[in-house]
1. Long-range amide H contacts for S62: which residues qualify at under 5 Å (H placed 1.01 Å from N, peptide plane, sequence gap of 5 or more or a different chain)?
2. In terms of modelled amide H atoms, which long-range or inter-chain residues lie less than 5 Å from the amide H of L104?
3. If you plug each phi of region 61-74 into the Karplus form 6.51 cos²θ - 1.76 cosθ + 1.60 with θ = phi - 60°, what whole-Hz ³J(HN,Hα) values come out, in order, with x for Gly and Pro?
4. Which whole-Hz couplings ³J(HN,Hα) result when phi for each residue of region 48-53 is put into the Karplus expression 6.51 cos²θ - 1.76 cosθ + 1.60, θ = phi - 60°, listed in order with x for Gly and Pro?
5. Per residue of region 78-90, what does 6.51 cos²θ - 1.76 cosθ + 1.60 with θ = phi - 60° give for ³J(HN,Hα)? Whole Hz please, x for Gly and Pro, Karplus curve as stated.
Amino acid sequence: MSLPFAFCRTRAGLLALAVGFALAAGLGGGFAYAQAPEGSYDEEEAQAIDQMLMCPVCPAESIDQAQVPLARQMRQRVRELLAEGASRQEVLDYFADRYGQYVLASPPKSGFNLLAWILPIAGLVAALGAALLVLRAMQGRDSGPVVRETVAIEPEDSLEPYLAAVDRSLDLERARGADEEVEAADDTETNGFDEEPR
């Protein structure tokens with residue numbers, strides 16, 4: 001048997017091992033306590049506040065997502081303020097005073113920032129209203145067959161002489177065309193059939 005295992009089998013060895021574990025646990029707890037802020041706070045509340053604060057140096061990242069030193073410092077400061085007894089709104093106001101309103105993930109619901117809350121909702125309501133009007137207009141149309149009425153146009157008296165002249169010229173052309181057809185038919189009959197074979 002090796003020496004360390006033989007030592008652990010004795011009472012003194014077991015006692016020394018237990019004391020060593022106790023000291024290690026105590027020292028580890030001391031290090032953890034040294035990093036935590038004084039007082040007690042709710043970690044879930046701290047994480048919720050972390051999600052409400054934007055990192056000033058990281059584009060579009062809250063401090064719970066960002067890994068830069070500033071974001072870590074801000075997370076630590078959130079926990080310190082909560083441990084001192086600050087409320088959620090007081091913590092948000094603390095950071096808004098130091099970094100400006102842009103550090104807040106959602107703008108406050110007052111003043112000019114109220115437009116950021118109202119305009120999207122108003123736009124959505126307007127779009128739904130327009131869609132409803134379009135649907136009603138589409139339902140209102142008759143889906144039956146389309147019947148078109150023909151309306152006879154009465155010629156005006158002032159156009160009568162012109163229309164009569166057009167009719168006469170068309171009749172002359174028709175008559176001339178009919179005469180030419182008859183003559184062409186007569187030519188084909190006389191050319192091929194009336195002559196005797198040679």
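What follows is calculated from the coordinates using simple rules that are stated; it is not laboratory data. In this text, all values refer to a predicted model and were calculated from it rather than measured experimentally.
1. Residues meeting the criterion, in which the H sits 1.01 Å from N, are C55.
2. Amide H neighbours of L104: M54.
3. Here the 3J(HN,Hα) series is 10, 7, 5, 6, 9, 6, 10, 6, x, 4, 5, 5, 5, 5 Hz.
4. 5, 5, 4, 6, 8, 10
5. 4, 5, 5, 5, 5, 5, 7, x, 6, 7, 4, 5, 5
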